[in-house]
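Quick note: the coordinates plus some simple rules give every number you see, no bench work behind them. All figures in this text were calculated on a predicted structure; none of them were measured in a lab. In this analysis, Cβ positions are derived from the backbone assuming ideal geometry, glycine residues included, and neighbour counts consider all displayed protein chains.
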């Protein structure tokens, strides 16, 4: 086991966590709280990969949907706009159902 894994196990045991996943989850939450720019980058990446909607990403980033749209434009990330054709809609649905 690596030193990190041993440390996580020890923190979980000493801190009253259910498991190491709970330790990591709290650590990531605290990291995102302390570094809002990282929180914004996480939201952009999750939006870019399609794991969250624009509104969901904006909420994750802690900004309005309009401000998030501006951030996407500033980063040169295209947004899907309009209606999807039938095959594209089916592909998207399959992705979300996996």
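Can you put 28, 23 in order, fewest other beta carbons within 10 Å first?
28, 23
On a 0 to 90° scale, report how tilted helix 65-74 is relative to the longest principal axis of the chain, with both axes built from alpha carbons and the result rounded to the nearest 10.
In the chain, helix 65-74 runs at an angle near 90 degrees to the longest axis.
Taking 8 Å as the Cα distance limit and 6 or more residues as the minimum spacing, I'd like the relative contact order of the chain as a percentage.
Taking the mean separation of contacting Cα pairs over the length of the chain, I get 13 percent.
Which entry is the computed Cα extents along the principal axes in Å for this structure: (1) 53, 30, 21; (2) 48, 35, 17; (3) 37, 27, 27?
Among (1) 53, 30, 21; (2) 48, 35, 17; (3) 37, 27, 27, the one derived from this structure is (1).
If the chain between residue 33 and residue 66 were fully stretched, how many nm would it gain, using 0.36 nm times the residue separation less the Cα-Cα distance?
Separation in residues times 0.36 nm, less the Cα-Cα distance, equals 9.7 nm.
Please give the residues of the stretch 45-73, grouped as numeric ranges, whose backbone N is less than 18 Å from a label point set 7 Å along the Cα-to-Cβ vector of residue 25.
Residues 60 fall inside that zone.
Tell me the angle of helix 3-15 to the major Cα principal axis of the chain, expressed in degrees between 0 and 90 and rounded to the nearest ten.
Between helix and principal axis, roughly 80 degrees.
Could you check the simple spin-label distance between residue 74 and residue 5, using points 7 Å along Cα→Cβ, in nm with one decimal?
Between residue 74 and residue 5, the simple spin-label model gives 4.1 nm.
What FRET efficiency would be calculated for the residue pair residue 90, residue 41, taking the C-beta separation as r and a Förster radius of 22 Å, to the nearest 0.05?
After rounding to 0.05, the efficiency reads 0.10.
Quickly estimate the mean residue ellipticity at 222 nm for the chain, helices only: each DSSP H run with n ≥ 4 gives -39500 (n - 2.57), and the total goes over all residues, rounded to 500.
So the calculated ellipticity at 222 nm is -22500 deg cm²/dmol.
Helix 86-97 versus the longest principal axis of the chain: what is the Cα-based angle in degrees, 0 to 90, to the nearest 10?
The angle comes out at about 10 degrees.
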